[in-house]
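Take a look at the structure below.
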Ligand SMILES: Nc1nc2c(c(=O)[nH]1)N[C@H]1C(S)=C(S)[C@@H](COP(=O)(O)OP(=O)(O)OC[C@H]3O[C@@H](n4cnc5c(=O)[nH]c(N)nc54)[C@H](O)[C@@H]3O)O[C@H]1N2
Ligand SMILES: Nc1nc2c(c(=O)[nH]1)N[C@H]1C(S)=C(S)[C@@H](COP(=O)(O)OP(=O)(O)OC[C@H]3O[C@@H](n4cnc5c(=O)[nH]c(N)nc54)[C@H](O)[C@@H]3O)O[C@H]1N2
Ligand code: SF4
Ligand SMILES: [Mo]
């Protein structure tokens, strides 16, 4: 089941390799940012737009979910935030003429990079059954088509409503309201592929699936452990926070199979020193084997338990449950097994322990390096055990810090985008709106793909995102999508999900964050929630990319009116006119949003309550913070194989590719690279610069293959390899997911490298 590399690209994928860098940001970053921004927006628009990012009266950066500091700099954005803005505020356009010139088959042969570079979508477009080309369609007709296909279903559960994490709170709240009034909880979202493991582990152990630290806490910490995260690329302004924490005396341990430049040194372009040498950020680098984190934290926990006076006994007694059972499991942790699982040395772990014991206030930050493994949930629970032992939750300068991805992914979940809603949330909806929401759980991402594959779901509707490229097992997912009766995408930019379609397909173009949102009730703003539970307003100022765009809330309101008709008990018309009326309802349904409109009017917004952080109260089943004692797991690696992680380059935002460089890793002009340790490469007989196919091995015996990757000898942990997503999603089996959270295990794929004799290095 080989896939062909994409054809028809203007750019040849021919990677050049210069070796990893040892510092992030600095002047090179500023130059790179301006170049990319100006190519998309021109000089004037670049300056005007970038000055509004993350300002209190401006728009929220559509990049990641990192919070804004209270005292804002004039240029309160990073290189990758600027790229995200440029990508949206681009002057390039995808018009009906574009679709007339390019058939769907032609577009399906292009790379995701090429599709994204074509610019902003300008008109609603329709692909009739059997047609080769999308054609323009009116909004009315488009909603009519969705209504027809939904009416033809034998149950609302045959429709799936996906959400990506850029959607603002107002649209997200309306979208879940629409799905539930229709009668389904099929609300999968990108979170299912992202921090679901964090949510699962945290809800069970501390009673709330969100992080417990604010930005201020980072500044006050003694020790910050950054595990499985590459902030230099994915949350660049986190480096400023780490720099500030270090200036206040904090130590940083980074746990990662790769030496990521951003964590080594940070050259803050906002400070004079930053432009020269920069600051060293990491005090201890633990170059862990992929999937070894649970074993590492378990052993640290054993050592803490066995060190006199190291456990915060009062906290454990007052606030936790399950300590004895956990301590017994921790005591049984084995040094040798841990060294095998982690690839670390005894001296490194001893050094880490010293730093842990010297710290009174410890924070653990993590992202996809912990969440996308089979044993991701027990791994994160072990991190919680680690923090609980020394009372590091609900104390200033300490806590859990899952660093979220999309700019409003956390808010969307708060608004009820969840296939397994809490009964209390549904009760509140029922009370407020007077209809009975469905109680049965819906499909998450993986289950939605299975349902489409098996013909059990027939309508797929996406509020943003790029489902076919972001999901695992590309060939299976694409085949599943093609079985749908109708696929609909509310999007800003063209992507592969628009060209791998059901029998009929619609593209509904929408406003971006940067754009002015004018409704009958006047100019509107939306709200978002960042990774630390701060909620604030976001106001776009640019002229919309086209006069035919509708905002996301307007799309949901009109869709709902058309689909639900007279039967609806929800005042959709009123909601569309004035988003403040939506916020009034949110205030009555979602705890923590009381008096929403008034509180969001305050510049900078407000913090949502968080019981463990605010009052050391743990709303779990036991009423306490729960220690857990799962058996230690780590991936097994058969002889001659590598453990592949699929990760992001510096020039991409998930499936949106900004460019073909990964500056900090020293790779330019190409993305089809696989990073392999030189010793492993030697043992496997693959020279630097040779070309291989990546073949993944899974118990179903199906051979999944990603062809034509240039081998790059790279200082990753032994036995581990790395290559970019989404090109490698074809290798991730649909059924290879995390226990409990069902998140695709896209950071631990067993692969073998198959040499391509017909190709050789060209550089
Ligand atoms: N510019 C930019 N910003 C982004 C995104 C983007 O694509 N581009 N995406 C956004 C989204 S949605 C998300 S979720 C975040 C993602 O942010 P990250 O999680 O930082 O993203 P990844 O590139 O997947 O990086 C995973 C990191 O974990 C490490 N890692 C892999 N496996 C393991 C392991 O087993 N153990 C440990 N300890 N480390 C491991 C990798 O080496 C890498 O450093 O970023 C958000 N921000
Ligand atoms: N192998 C592998 N797979 C992964 C991951 C991995 O690390 N490895 N990471 C996973 C993670 S963490 C995530 S979050 C998912 C991401 O999955 P998604 O969120 O589905 O994907 P994105 O690439 O972020 O979506 C990009 C598209 O969103 C649309 N868009 C952009 N802005 C807006 C907007 O304001 N409104 C609307 N309506 N549309 C907009 C554009 O059309 C753009 O093409 O991928 C997951 N997949
Ligand atoms: S750190 Fe994230 S939110 Fe902040 S400017 Fe950069 S991309 Fe945007
Ligand atoms: Mo994500």
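Quick notes
- Given (1) away from ligand 1 (no atom under 16 Å from the Cβ); (2) farther than 23 Å from residue 116 by Cβ; (3) within 17 Å of the chain's Cα centre (by Cα), number of the condition residue 380 does not satisfy: (1)
- Each residue in segment 485-513 was checked for being in contact with a strand residue (DSSP E or B) (Cβ under 6 Å, 6 or more places away or on another chain) and over 21 Å from residue 560 (Cα atoms), and 6 of them qualify.
- Whichever residue in segment 372-392 is touching a strand residue (DSSP E or B) at 6+ places or on another chain (Cβ under 8 Å) and within 16 Å of residue 199 (Cβ to Cβ) and, among such residues, is farthest from ligand 3 (Cβ to nearest atom): 384
- The set of residues from segment 455-484 being in a helix (DSSP H, G or I), within 16 Å of ligand 4 (Cβ to nearest atom) and farther than 19 Å from residue 126 by Cα comprises 469, 470.
- Condition met for residue 365 (away from ligand 2 (no atom under 16 Å from the Cβ), within 17 Å of the chain's Cα centre (by Cα) and buried (at least 24 other Cβ atoms within 10 Å of the Cβ)): no
- Residues that are surrounded by 20 or more Cβ atoms within 10 Å (Cβ to Cβ) and not in a loop (DSSP other than H, G, I, E, B) were ranked within segment 408-427; the one that is farthest from ligand 2 (Cβ to nearest atom) is 414.
- Looking only at segment 182-226, and only at residues there that are part of a strand (DSSP E or B) and more than 16 Å from ligand 2 (Cβ to nearest atom), the one that is farthest from residue 399 (Cα to Cα): 226
- Among the numbered conditions (1) in contact with a helix residue (DSSP H, G or I) (Cβ under 7 Å, 6 or more places away or on another chain); (2) within 30 Å of residue 315 (Cβ to Cβ), the only one that residue 214 does not meet is (1).
- Conditions (1) part of a loop (DSSP other than H, G, I, E, B); (2) within 13 Å of ligand 2 (Cβ to nearest atom): number failed by residue 129: (2)
- Verdict on residue 679 being in contact (Cβ under 8 Å) with a residue 24 or more places away in the chain, over 30 Å from residue 70 (Cα atoms), in a loop (DSSP other than H, G, I, E, B) and not assigned by TED's automatic domain parsing to the domain that holds residue 231: no
The rows are residues; the columns are (1) closer than 28 Å to residue 25 by Cβ; (2) within 16 Å of ligand 1 (Cβ to nearest atom).
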{"site": "54", "(1), (2)": "yes, yes"}
{"site": "70", "(1), (2)": "yes, no"}
{"site": "85", "(1), (2)": "yes, yes"}
{"site": "94", "(1), (2)": "no, no"}
{"site": "103", "(1), (2)": "no, no"}
{"site": "109", "(1), (2)": "no, no"}
{"site": "113", "(1), (2)": "yes, yes"}
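- Extreme residue, nearest to ligand 4 (Cβ to nearest atom), among residues of segment 647-676 that are more than 13 Å from residue 721 (Cβ to Cβ) and in a strand (DSSP E or B): 653
- Of the residues making up segment 37-60, one or more are more than 16 Å from ligand 4 (Cβ to nearest atom), in contact with a helix residue (DSSP H, G or I) (Cβ under 8 Å, 6 or more places away or on another chain), under 24 Å from residue 261 (Cα atoms) and not assigned by TED's automatic domain parsing to the domain that holds residue 279.
- Condition check for residue 405: closer than 24 Å to residue 329 by Cβ, within 13 Å of ligand 4 (Cβ to nearest atom) and either crowded, with 24+ Cβ neighbours inside 10 Å or touching a residue at least 12 places away in the same chain (Cβ under 8 Å) (or both): no
- Members of segment 251-280 that are away from ligand 2 (no atom under 16 Å from the Cβ), modelled with pLDDT of 95 or more and in contact with a helix residue (DSSP H, G or I) (Cβ under 8 Å, 6 or more places away or on another chain): 251, 252, 253, 254, 255
This table checks each residue for (1) over 24 Å from the mean Cα position of the chain (by Cα); (2) within 15 Å of residue 549 (Cα to Cα); (3) modelled with pLDDT under 95; (4) not assigned by TED's automatic domain parsing to the domain that holds residue 454.
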site: 99; (1), (2), (3), (4): yes, no, no, yes
site: 106; (1), (2), (3), (4): yes, no, no, yes
site: 128; (1), (2), (3), (4): yes, no, no, no
site: 142; (1), (2), (3), (4): yes, yes, no, no
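- Qualifying positions in segment 433-454 - in contact with a helix residue (DSSP H, G or I) (Cβ under 6 Å, 6 or more places away or on another chain), surrounded by fewer than 23 Cβ atoms within 10 Å (Cβ to Cβ) and assigned to a helix (DSSP H, G or I): 453
- Some residue of segment 136-147 being in a helix (DSSP H, G or I) and within 16 Å of ligand 4 (Cβ to nearest atom): no
- Elements of type strands (runs of 3 or more DSSP E) contained in segment 498-566, each with 2 or more residues being farther than 24 Å from residue 127 by Cβ and at pLDDT 95 or above: 517-519, 522-524, 526-529, 534-538
- Within the set 339, 344, 300, the sole residue that is part of a helix (DSSP H, G or I), on the phi < 0 side of the Ramachandran plot, free of Cβ contacts under 8 Å to residues at least 60 places away in the same chain and away from ligand 2 (no atom under 16 Å from the Cβ) turns out to be 339.
- Near pairs, Cβ below 7 angstrom, 6+ apart or cross-chain, from segment 738-763 (under 28 Å from residue 204 (Cβ atoms)) to any residue that is modelled with pLDDT of 95 or more and within 16 Å of ligand 3 (Cβ to nearest atom): 747/368
The values are calculated or read from the model by the stated rules, or taken from the named source; none is laboratory data. It should be emphasised that the depicted structure is a prediction, and the values quoted were computed from it without experimental measurement. No Cβ is skipped: glycine too gets one built from the backbone with ideal geometry, and neighbour counts run over all protein chains shown.
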